[in-house]
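The values are calculated or read from the model by the stated rules, or taken from the named source; none is laboratory data. Here the structure is a predicted model, which is why all the values come from computation and not from measurement. Here the Cβ is made from the backbone with ideal geometry for all residues, glycine too, and neighbour counts use every protein chain on show. Ligands, DNA and RNA are excluded from the accessible area calculation, which covers all protein heavy atoms including side chains. Shrake-Rupley method; radii C 1.70, N 1.55, O 1.52, S 1.80 Å.
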Amino acid sequence: MRHALLLQYLLGFVLMVLFSYMNAHYPDKTWLFFTLYLLVFMGIIFFVTGRQAQNIFRDLEEVKKGEIIYQADPDQSLKLREKDMEKTQGELAAQFKVSLIPMLTMILFLMVFYIPSFRQFFQNIGNTLTQDQKMAMFYSFLAMYGSFYLISMITGLYTRRVQSKTGTLTIATKYTITSRGIIVDDRLPIKFPLKGSIGTDNKRKFVEITLIQQVMGSQVKQRIRLYTPEPSKLANLLKEKGMMQK
């Protein structure tokens with residue numbers, strides 16, 4: 001994972017230098033290179049997301065092959081979830097705010113590029129470093145792309161730091177437990193043995209599985225909440241079937 005993180009930083013640095021060079025030497029194509037930079041940046045994100053999706057699909061097929069040992073009643077789970085909605089709203093709202101941070105970073109970058117006064121600020125940086133016009137433009141764009149990338153890294157680290165403490169919360173509408181794992185909402189597989197902890201809230205009627213994942217060199221919590229009329233019974237089943245396997 002740390003190698004992947006270093007590769008990400010190295011790739012970001014190479015992109016900054018490359019696009020700054022192209023913008024400086026072909027100023028008439030500034031908008032084109034800016035668009036390409038965004039496309040490449042987004043392409044990397046989609047590539048990583050695509051690889052994660054492949055792993056999820058593979059795990060989903062594997063868990064489905066197991067023998068069904070418990071299947072929750074979707075209507076019952078939904079009713080229990082709705083009764084608990086007042087308390088879950090705050091948790092979900094906080095999680096939603098954190099998820100908006102990367103989008104706000106992108107909006108900030110677009111503002112910097114499109115608002116003349118912001119662009120002028122970075123142009124002044126280049127002009128103070130050299131009298132050579134091309135080199136001045138190179139430094140200006142390097143400062144702009146570098147600022148965007150630095151902010152992206154800081155917000156990314158902050159987001160993962162928050163997630164490492166509170167965890168991302170997934171509330172199941174329906175779920176099935178097989179001999180190989182849990183299928184949440186027909187799309188999220190959790191393979192056995194469970195690598196985490198199992199907690200219960202008998203008053204709010206749910207079992208919560210807390211998993212620890214490695215994301216770009218950082219530990220991130222993933223919380224899976226399963227509503228059930230008998231939380232202790234479901235928790236015992238998960239501990240017996242999901243945590244005792246070799």
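Points to keep in mind about this one:
- The range 68-98, residues that are exposed (fewer than 15 other Cβ atoms within 10 Å of the Cβ), under 30 Å from Arg161 (Cα atoms) and in contact (Cβ under 8 Å) with a residue 40 or more places away in the chain: Lys87, Leu92, Ala94
- For the range 186-211, the set of residues classified as in a loop (DSSP other than H, G, I, E, B), in contact with a strand residue (DSSP E or B) (Cβ under 7 Å, 6 or more places away or on another chain) and open to solvent by less than 60 Å² (accessible area, probe 1.4 Å) consists of Phe192, Leu194, listed by residue number.
- Number of the exception - Arg160 against (1) in contact (Cβ under 8 Å) with a residue 40 or more places away in the chain; (2) over 23 Å from Met42 (Cβ atoms); (3) among the basic types (Lys, Arg): (2)
- Just so you know, in the range 119-164 the residues that are among the aromatic types (Phe, Trp, Tyr) and within 18 Å of the chain's Cα centre (by Cα) include one that is least open to solvent (accessible area, probe 1.4 Å), and it is Tyr149.
- Subset of the range 20-29 [open to solvent by 20 Å² or more (accessible area, probe 1.4 Å) and either at positive phi or in contact with a helix residue (DSSP H, G or I) (Cβ under 9 Å, 6 or more places away or on another chain) (or both)]: Tyr21, Met22, His25, Tyr26, Pro27, Lys29
- Residue within the range 163-184 that is within 19 Å of Tyr70 (Cα to Cα), in contact (Cβ under 8 Å) with a residue 60 or more places away in the chain and aromatic (Phe, Trp, Tyr) present: yes
- When residues of the range 43-67 are limited to those that are open to solvent by less than 70 Å² (accessible area, probe 1.4 Å) and more than 30 Å from Thr178 (Cα to Cα), the one modelled with the highest pLDDT: Gly43
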